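Down below is the structure, laid out as structure tokens.
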Amino acid sequence: MTLRRPFLILGLFALIAVGGYGGYRTFGPAAGEPEYKFAKVERGPITATIAATGTLNPVVSVQVSSQISGQIREILVDFNSVVKAGQLIAQIAPETYEHKVRQAEADLEAARATVAVQQAEIYRAQVNLADAERDFARKKTLVEKNFISPAELDKVKTTLDATRAQLRVVEAQARNSDALVKQRAAQLGQAKVDLGRTELRAPVDGIVIKRSVEPGQTVAASLQAPEMFIIARNLSDMQVETAIDEADVGRLQVGQEAAFTVDAFPGKRFKGEVKQVRKSATVVSNVVSYTVVISAANPDLILLPGMTANVRITTAQKDSVLKVANAALRFRPASAGDEKSALAGRQPGAGGGKGRGAAGTGKLWVIGSDGKPSPVEVKTGLNDGNQTELPDTDLAEGREVIVGTVATADKAKPAAGPRPF
């Protein structure tokens, strides 16, 4: 009996301790004092990223159009057809342009015949000029011997001048005929070019990803050439064109790593890198964004043009830093201001720097020696959306900071007990 008493006393104290702990967990601290939720300052890696959506497109896609009007007689390729540069892919009815070529050839022959006529006229004018010069020389000799009057010489001189002028006129007409021959030759060349354009050929090696016409359809080329095909040069090398908000574009640099997923393959992650940050802005509903081009290797040809890509670009990364949950930087105790400001402090983005990956300052709250929340000013660094880096702080790893308060409903909830029979 004597040996049992110490054990009974120890059991009684243990029962009282367990009951007190259960009462504290059930009813919380003293009335009027809030109960806080805590998180620890941790050490580990952190990565700042930018998330966006974009569209997959070929790096090079060529639009094949018709420069002439006419009816499509034949189409030799279809969607997904692999083509080579120079390969015939469609043909427009050529009869109209063949007749234009024949007409241009006839016009050229007529112009050349005119040149031949002008050459004969030049020869005739030269003969007439030589005859006039001989007549003038004879008449001049006769006038010197007083066999004829000077009036006869003047008449011959006038005929000589007229013959010379006629020769110049005929030579000018011959030069005009030569120019007309060149003009007709150019028209013939243009007609042959138009005839050649009735055959549409692939401008590059690639694959047909779009066909907009059917045999028998009439295309009309006016101020804008009608689109007939789109050929992607190489589908094994694609790119994602995504719109990045102006607030994040300053953190982007060419060469940064990126990863993306597509809805067609939700379990597969594709890698790439930033290739270009275009300086042309796009404004939609007063929101300014910039187009960023990300490379997308596609060796298996499973990525298709037009797919929506969910992109995440890595802008900064550190392997071992002190970090804290963002909720701790957003927390403000009610004693620090009115309830409205306390709620505003809990909104996402409040405190913790100017944005993901941006450096700034913030405020954390810890339990002081008096048992009340005490503020600690800290510098903030990288932000991955869930946690924020603390690059220069006196807080040690493992230190608990306040992230929120326990709701009244949670505090009033009774402790779990044995189920009744």
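The values are calculated or read from the model by the stated rules, or taken from the named source; none is laboratory data. Keep in mind that this is a model prediction, so the values were computed, not measured. Counting neighbours? That spans all protein chains shown, and the Cβs are built from the backbone with ideal geometry, glycine included.
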Filter result (buried (at least 18 other Cβ atoms within 10 Å of the Cβ) and out of contact with any Ser or Thr (no Cβ under 8 Å at 6 or more places or on another chain)) within segment 250-267: Phe260
Residue check for Val219: surrounded by 18 or more Cβ atoms within 10 Å (Cβ to Cβ), at pLDDT below 95 and touching a strand residue (DSSP E or B) at 6+ places or on another chain (Cβ under 9 Å): yes
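Listed here are the residues, each with its yes/no results for (1) surrounded by 14 or more Cβ atoms within 10 Å (Cβ to Cβ); (2) in a helix (DSSP H, G or I); (3) over 60 Å from the mean Cα position of the chain (by Cα); (4) of a type in the set (Asp, Glu).
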| site | (1), (2), (3), (4) |
| --- | --- |
| Arg102 | no, yes, no, no |
| Val115 | yes, yes, no, no |
| Ala125 | yes, yes, yes, no |
| Asp131 | no, yes, yes, yes |
| Thr141 | no, yes, yes, no |
| Ala165 | no, yes, yes, no |
| Glu171 | yes, yes, yes, yes |
From Val283, Val193, residue being of a type in the set (A, V, I, L, M), under 30 Å from Thr49 (Cα atoms) and without any contact (Cβ under 8 Å) to a residue 24 or more places away in the chain: Val283
Matching residues, segment 283-297, being hydroxyl-bearing (Ser, Thr, Tyr) and under 17 Å from Asp237 (Cβ atoms): Ser295
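Can we say Ala202 is over 17 Å from Val77 (Cβ atoms) and surrounded by 17 or more Cβ atoms within 10 Å (Cβ to Cβ)?
On the way: over 17 Å from Val77 (Cβ atoms): no; surrounded by 17 or more Cβ atoms within 10 Å (Cβ to Cβ): yes.
For Ala202, the condition - over 17 Å from Val77 (Cβ atoms) and surrounded by 17 or more Cβ atoms within 10 Å (Cβ to Cβ) - is not met.
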Extreme residue, nearest to Thr114 (Cα to Cα), among residues of segment 181-222 that are assigned to a strand (DSSP E or B) and of a type outside the set (Val, Ile, Thr): Glu199
Lone unmet requirement of (1) more than 23 Å from Met238 (Cβ to Cβ); (2) of a type outside the set (Ser, Thr, Tyr); (3) loosely packed, with under 15 Cβ neighbours inside 10 Å; (4) modelled with pLDDT under 95 for Asp300: (1)
